[in-house]
Structures are given as C-alpha cells and as structure tokens.
Amino acid sequence: MTPPWTVTPDKVQAAIKRIVETSRPRKLILFGSFVRKQTTRNSDLDILVITGNDVDDPRRESVRIRRALRGISMSMDILVITERKFAELSNRPGLIYREAVRHGEVVYQAA
C-alpha cells in the first residue's frame, strides 16, 4: 500500500498549479529524485520558484506558498529566489541552483 505522503504525478501537478496561482512566479523548476524518476516512499518534491525582482522577501514568499500548498499530502522542499539573484548564483559550483539548471525540468515559465 502506498503511504499517503508519497510524491505522485497528480500531487505534483496540483502543487504546480497552486504555486502559479499564488505566487505568479517567472519560472518553476522541479529537480531531484522526482525528475530523475528515483523517488522512494520517503522522497520529497524539490521545487525552485524563481520570482520577479519585485519580491522583497523570498522567505516570506516561501511561507505564502507553503500555506497555499496545505492539503497536498507530500513532503516538499521549496526554494524561492528572485530572477536577479538566480542569474547571479545559477552557475556557481556547489550551489543547488546549478543542479536545478543542469538536471531540473522547467514546468512553468511566465510569458
């Protein structure tokens, strides 16, 4: 029997939809075990939320997003960063942003 907190494609799509509706990000990138198709019963969903530069406090935005995701029963690791900061850090070795760029999957991009 599958535990109720398991990461599933339906839950992932629901999370993407809520994040887009709540945060209006510039881009969403999924990365980690879900994208590699190596999830286990204890996996989480890794989501990079790239916001516009008008977001003053990425931590506060992360809290807003987490609140919007209540009711979706899976563990999620949500990283929020502005476009400007992402451009600065996305190619730095050793940072998670680089892994997201290299091995992640863009699931939403604002027009």
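Among ASP56, ASP44, a tally of other beta-carbon atoms within 10 Å of each Cβ gives an order, fewest to most, of ASP56, ASP44. Here's the list of aspartates and glutamates a cross-link from LYS11 could span, going by alpha-carbon distance under 12 Å and ignoring same-chain residues fewer than 8 apart: ASP44. Per-residue extension of 0.36 nm, minus the Cα-Cα distance of ASP54 and THR6, leaves a gain of 13.9 nm for this segment. Annotation: lysines with alpha-carbon distance below 20 angstrom to LYS85 (same-chain offsets under eight excluded): LYS27. Helix content alone sets the calculated 222 nm mean residue ellipticity of the chain: runs of n ≥ 4 DSSP H residues at -39500 (n - 2.57) each, divided across all residues, give -11500 deg cm²/dmol.
Charges were assigned to the Cβ only: +1 to each Lys and Arg, -1 to each Asp and Glu. The resulting dipole of the chain about its Cα centre is roughly 120 debye.
Taking 0.36 nm per residue of separation and subtracting the current Cα-Cα distance, fully stretching the chain between VAL63 and SER33 would add 8.5 nm. Taking every alpha-carbon pair under 8 Å whose residues sit at least 6 apart, segment 9-109 reaches a relative contact order of 38 percent.
Among PRO4, LEU30, LEU48, pick out the residue whose Cα is farthest towards the positive end of the charge dipole of segment 1-83, where Lys and Arg carry +1 and Asp and Glu carry -1 on C-beta, about the Cα centre. Farthest along the dipole direction, towards plus: PRO4. Amide H contacts for THR82 (H built 1.01 Å from N in the peptide plane; partners 5 or more residues away or on another chain; cut-off under 5 Å): THR51. Note that the chain shows a convex hull volume over its alpha carbon atoms of 101 Å³ per residue.
Backbone geometry of segment 31-46 corresponds, through the Karplus equation with coefficients 6.51, -1.76 and 1.60 at θ = phi - 60°, to 3J(HN,Hα) couplings of 8, x, 4, 5, 5, 6, 6, 10, 6, 10, 5, 10, 6, 10, 9, 9 Hz, x marking Gly and Pro. Rounded to the nearest 10 degrees, the inclination of helix 9-23 to the longest alpha-carbon principal axis of the chain is 30 degrees.
Here, each number is a calculation from the coordinates, and none is a lab measurement. What you see is a predicted model, and the numbers here were worked out from it, not measured in a lab. Don't worry about glycine lacking a Cβ; one is built from the backbone with ideal geometry, like all the others, and counts go over all protein chains shown.
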